[in-house]
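*Asks:* Questions regarding the structure given below will be posed in turn.
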Amino acid sequence: MRPEPLQCGPYRLAFDRTLIMGVLNVTPDSFSDGGRFLAPEAAIEQGRRMAAEGADLLDIGGESTRPGADEISEKEELRRIGPVLEALSKQVKVPLSVDTRKPRVAAEAVRLGACLINDVSGLRDPAMVRTAAEAQVPAVIMHMRGTPKTMQEQVYYEDVVLEIKNYLRERAETALAAGVPGVIVDPGIGFGKNLDHNLELLRRLGEFGSLGCPVLVGVSRKSFLGRITEKPVNERGAASVAAAVGAIMYGAHIVRVHDVAESKTAARVADAILGREAVKTESS
Ligand code: HH2
């Protein structure tokens with residue numbers, strides 16, 4: 001079943017085809033692109049490039065969430081992403097998402113032009129729920145065990161899909177009841193999960209459809225792809241595209257990717273196979 005369209009600031013996200021969320025990490029230490037876009041000019045240029053390549057959303061983050069990563073201060077996070085958000089909100093015509101776990105960073109990011117809050121801690125902090133509700137901005141609720149520092153220490157699930165689905169349902173209901181205008185759910189591939197968990201989540205992604213929300217999946221360049229292909233992070237492009245297509249076929253509505261052009265092309269083909277309406281066929 002197709003989720004209802006989602007209003008993101010002035011943008012209306014319809015789910016008649018797969019949406020591509022381009023990743024923009026303004027960090028020195030992100031696992032795949034750390035340091036490349038730390039200078040605001042480089043980040044803005046990359047954001048513009050991804051929008052030109054067909055990104056439907058841009059996800060801008062100032063703090064790495066890779067396993068074991070240290071937290072940074074609100075001030076430092078805002079120093080990194082503030083100028084980038086401000087510039088891109090004027091220069092590109094796609095919704096900007098802020099990838100943060102900190103309510104005050106999210107609130108300031110919205111003021112600077114973000115219209116979606118992507119919280120890898122799943123809106124666990126009640127202040128984040130209030131921030132999204134007050135700003136009237138939808139949120140991505142992602143599942144993660146613990147924090148990036150501790151998440152790989154506790155990787156046991158009875159039924160990984162059922163547990164994560166129940167968690168996301170509870171978080172989504174809480175957020176909507178508190179006045180958050182819309183939610184997107186994300187099983188959090190690689191966040192406190194081993195290879196088998198990640199593969200099972202992707203294989204059974206369709207089960208998240210019953211939550212009635214758009215489903216976002218981030219597989220791009222992640223270490224489980226390295227485990228499968230034995231490729232280092234800078235050689236995981238093909239693996240990432242293959243995994244994104246797999247996720248789309250199993251029910252992802254949005255894929256979060258570093259390689260926008262390749263993913264966009266692949267998503268078009270996947271959408272055509274799925275018979276999505278937005279794809280033009282000879283009879284249309
Ligand atoms: N993955 C990462 C960061 N944010 N947000 C959502 N909703 N889903 C994800 O799967 C997800 C996410 C990790 O990837 P990346 O941003 O490339 O790395 P880092 O956290 O090291 O900056």
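Any read-out appearing in this document is the output of simple, stated calculations on the displayed coordinates, not a laboratory observation. Predicted, not measured: the structure shown is a model, and the values here were computed from it. Cβ atoms come from the backbone with ideal geometry, glycine included; neighbour counts cover every protein chain shown.
*Asks:* What value in Å³ per residue do you get for the convex hull of the alpha-carbon atoms in segment 24-71?
*Replies:* Here the figure is 70 Å³ per residue.
*Asks:* Could you work out the equivalent-ellipsoid semi-axes for segment 1-88, taking the square root of 5 times each eigenvalue of the Cα gyration tensor, largest first, in whole Å?
*Replies:* Values: eigenvalues 131, 46, 33 Å².
Equivalent ellipsoid semi-axes, largest first: 26, 15, 13 Å.
*Asks:* Then there is this: Among 118, 25, 198, which one shows the highest mean-square fluctuation when the chain is modelled as a Gaussian network with alpha-carbon springs under 10 Å?
*Replies:* Among 118, 25, 198, the largest GNM mean-square fluctuation belongs to 198.
*Asks:* For the chain, what does the equivalent ellipsoid look like in terms of its semi-axes, each the square root of 5 times an eigenvalue of the Cα gyration tensor, given largest first in whole Å? Intermediate values should be presented prior to the final figure.
*Replies:* Values: eigenvalues 116, 97, 87 Å².
So the three semi-axes of the chain are 24, 22, 21 Å.
*Asks:* May I ask what percent, to the nearest 5, of DSSP beta bridges between residues of the chain are antiparallel?
*Replies:* For the chain, the DSSP antiparallel bridge percentage is about 10.
*Asks:* Ok, one more. At 7 Å along Cα-to-Cβ for each site, give me the label-to-label distance between residue 230 and residue 272 in nm.
*Replies:* A separation of 3.4 nm, rounded to one decimal place.
*Asks:* For the chain, set up a GNM with springs between Cα atoms under 10 Å and report which of 168, 85, 199 has the largest fluctuation.
*Replies:* 199
*Asks:* What are the membrane-span-like helices in the chain by this rule: whole DSSP H runs, Cα extent along the axis at least 15 Å, mean Kyte-Doolittle hydropathy at least -1.0? Write down the numbers at each step before the final one.
*Replies:* Numbers: long enough: 40-52 (18 Å, -0.61); 74-91 (25 Å, -0.84); 160-177 (26 Å, 0.04); 237-249 (18 Å, 1.85); 260-274 (20 Å, 0.59).
Long hydrophobic helices here: 40-52, 74-91, 160-177, 237-249, 260-274.
*Asks:* May I ask what percent, to the nearest 5, of DSSP beta bridges between residues of segment 1-147 are antiparallel?
*Replies:* 15
*Asks:* Say R0 is 45 Å: what FRET efficiency, to the nearest 0.05, do residue 74 and residue 12 get from their beta-carbon distance?
*Replies:* Details: r = 31 Å, r/R0 = 0.69.
Using R0 = 45 Å, I get an efficiency of 0.90.
*Asks:* Within segment 197-284, report the GluC sites (Glu not before Pro) that DSSP leaves as loop and that have at most 10 other Cβ atoms within 10 Å.
*Replies:* Answer in residue order: 230, 282.
*Asks:* What distance in nm lies between label points placed 7 Å from Cα along the C-beta direction at residue 52 and residue 203?
*Replies:* Modelled inter-label distance: 4.2 nm.
*Asks:* Something else: Past 19 Å, Cα to Cα: identify those pairs from 102/165; 165/222; 165/193; 75/193, in the order given.
*Replies:* Pairs exceeding 19 Å: 102/165; 165/222; 75/193.
*Asks:* Here's a follow-up. Spin-label point model (7 Å from Cα, Cβ direction): what's the residue 41 to residue 177 distance in nm?
*Replies:* 5.1
*Asks:* Something else about it: Return, ordered by residue number, the residues of segment 170-210 whose backbone nitrogen is under 16 Å from a label point located 7 Å along Cα→Cβ of residue 130.
*Replies:* Answer for this model: 175, 178-180.
*Asks:* With charges only on Cβ, +1 for K and R and -1 for D and E, what is the dipole size of segment 213-275 about its Cα centre, in debye, rounded to 20?
*Replies:* The calculated dipole for segment 213-275 is roughly 140 debye.
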